[in-house]
Amino acid sequence: MEQLKEKIREVPDFPKPGILFYDLTTLLKDSSSLRRVIDLLTQKYSDQKIDQVVAIESRGFIFGPALACNLQAGFVPVRKEGRLPSDTISASYDLEYGQGVLEIHTDAIQKGERVLVVDDLIATGGTADATSRMVHQLGGEVASFAFIVELEFLKGREKLDGFEVFSILQY
């Protein structure tokens, strides 16, 4: 895992002073590291019955479709407010540096479907929590949350208490 950590660039004071941003684009441009991440996620969830992989905008979209294909599941995007073209439901959330609203199509998840929620990073857990609330509102079951990076010092996992949470790399 240290080899993967070495591929992640740390950018101080982005997007605002005092925030240390973990930039995965440097990992993504290395094909063997990207393949390793997708393989680790696939191995983790290949024995579970996942109906839909729900990925959170925007960096979750990088990993979600490949993982969905490997798991023979559908792919569902969760987007920022106003970016989905059909009927949606929404949930608000807090970030360590602001607030926002996420949306999902009302027909994205069917009652009883098992959902894997994927994003690049968990910080405070706000976007993941908002996503789980929307999945439940649509009648789905969150089977697990999967992240490439977990910032343990921000305690985002606590917001997802009662759910399985998996992260490849921890800081």
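Can you name the number of the only condition in (1) modelled with pLDDT of 95 or more; (2) assigned to a loop (DSSP other than H, G, I, E, B); (3) under 30 Å from GLN43 (Cβ atoms) that THR124 fails?
Result: THR124 fails condition (1) only.
Which condition breaks for ILE50 when tested against (1) under 18 Å from ARG114 (Cα atoms); (2) open to solvent by less than 70 Å² (accessible area, probe 1.4 Å); (3) in contact with a strand residue (DSSP E or B) (Cβ under 7 Å, 6 or more places away or on another chain); (4) not in a loop (DSSP other than H, G, I, E, B)?
With respect to (1) under 18 Å from ARG114 (Cα atoms); (2) open to solvent by less than 70 Å² (accessible area, probe 1.4 Å); (3) in contact with a strand residue (DSSP E or B) (Cβ under 7 Å, 6 or more places away or on another chain); (4) not in a loop (DSSP other than H, G, I, E, B), ILE50 is out only on (4).
Quick one: is SER132 part of a strand (DSSP E or B), polar (S, T, N, Q) and touching a residue at least 24 places away in the same chain (Cβ under 8 Å)?
no
Any idea which residue in segment 1-44 is least open to solvent (accessible area, probe 1.4 Å), counting only those that are without any contact (Cβ under 8 Å) to a residue 40 or more places away in the chain, over 13 Å from VAL149 (Cβ atoms) and basic (Lys, Arg)?
Among residues in segment 1-44 that are without any contact (Cβ under 8 Å) to a residue 40 or more places away in the chain, over 13 Å from VAL149 (Cβ atoms) and basic (Lys, Arg), the one least open to solvent (accessible area, probe 1.4 Å) is ARG36.
The values are calculated or read from the model by the stated rules, or taken from the named source; none is laboratory data. This structure is a prediction, so every number in the text was calculated from the model and none was measured. Neighbour counts run over all protein chains shown; Cβ positions are idealised from the backbone, glycine included. Side chains are part of the model used for accessible areas, which takes the heavy atoms of the whole protein and leaves out ligands, DNA and RNA. Shrake-Rupley method; radii C 1.70, N 1.55, O 1.52, S 1.80 Å.
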